[in-house]
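Structure record follows, encoded as structure tokens.
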Amino acid sequence: MYRNLIAEMARNDVKRADIAKAIGCSYNHTREKINGKFSFEWDEACIIHEQFFSHLDIKYLFENSEEVN
């Protein structure tokens with residue numbers, strides 16, 4: 001689970017649908033990636049970082065807690 005990503009999405013009013021559209025993925029697959037079931041590809045992480053969270057460190061944003069829900 002990407003807890004930092006989830007927290008920053010809430011702080012910055014970024015929805016899962018916004019991220020799904022940005023990376024060209026379905027909503028459900030994006031949700032599963034955010035929850036840690038699947039990993040983000042490097043290019044997806046870069047797009048998310050650049051479009052929504054460029055003010056944050058990318059390593060912080062995509063730190064994975066290894067917990068899957």
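Assuming charge only on the beta carbon of Lys and Arg (+1) and of Asp and Glu (-1), the dipole of the chain about its Cα centre is about 260 debye to the nearest 20. Which residues does a label at residue 55 reach in segment 1-24, if reach means a backbone N under 15 Å from a point 7 Å past the Cα toward the Cβ? Hits in segment 1-24 for residue 55 at 15 Å: 8-14.
Coordinate range of the alpha-carbon atoms in the chain per principal axis, descending: 27, 23, 22 Å. Taking each DSSP H run with n ≥ 4 as -39500 (n - 2.57) and averaging over every residue of the chain yields -15500 deg cm²/dmol at 222 nm. Listed values for segment 55-63 are Karplus-derived 3J(HN,Hα) couplings in whole Hz (6.51 cos²θ - 1.76 cosθ + 1.60, θ = phi - 60°), namely 7, 10, 6, 5, 5, 4, 4, 10, 5, and x replaces Gly and Pro. Taking trypsin sites (Lys or Arg not before Pro) across the chain, the ones in a DSSP loop with at most 13 further Cβ atoms lying within 10 angstrom of their Cβ are 15, 37.
Accessible area per residue for the chain, computed on protein heavy atoms with a 1.4 Å probe, is 63 Å². Ignoring any ligand, DNA or RNA, what whole percent of the accessible area of the chain comes from carbon and sulfur when the probe is 1.4 angstrom? It is 47 percent, rounded to a whole number. Spin-label model, residue 27/residue 39: points 7 Å from Cα along the beta carbon direction are separated by 2.8 nm.
The values are calculated or read from the model by the stated rules, or taken from the named source; none is laboratory data. Values in this document were obtained by computation on a predicted structure and should not be read as measured data. Backbone-built Cβ (ideal geometry, glycine too); neighbour counts: all protein chains shown. What goes into the accessible areas is simple: the full protein's heavy atoms, side chains included, and nothing from ligands, DNA or RNA. Shrake-Rupley method; radii C 1.70, N 1.55, O 1.52, S 1.80 Å.
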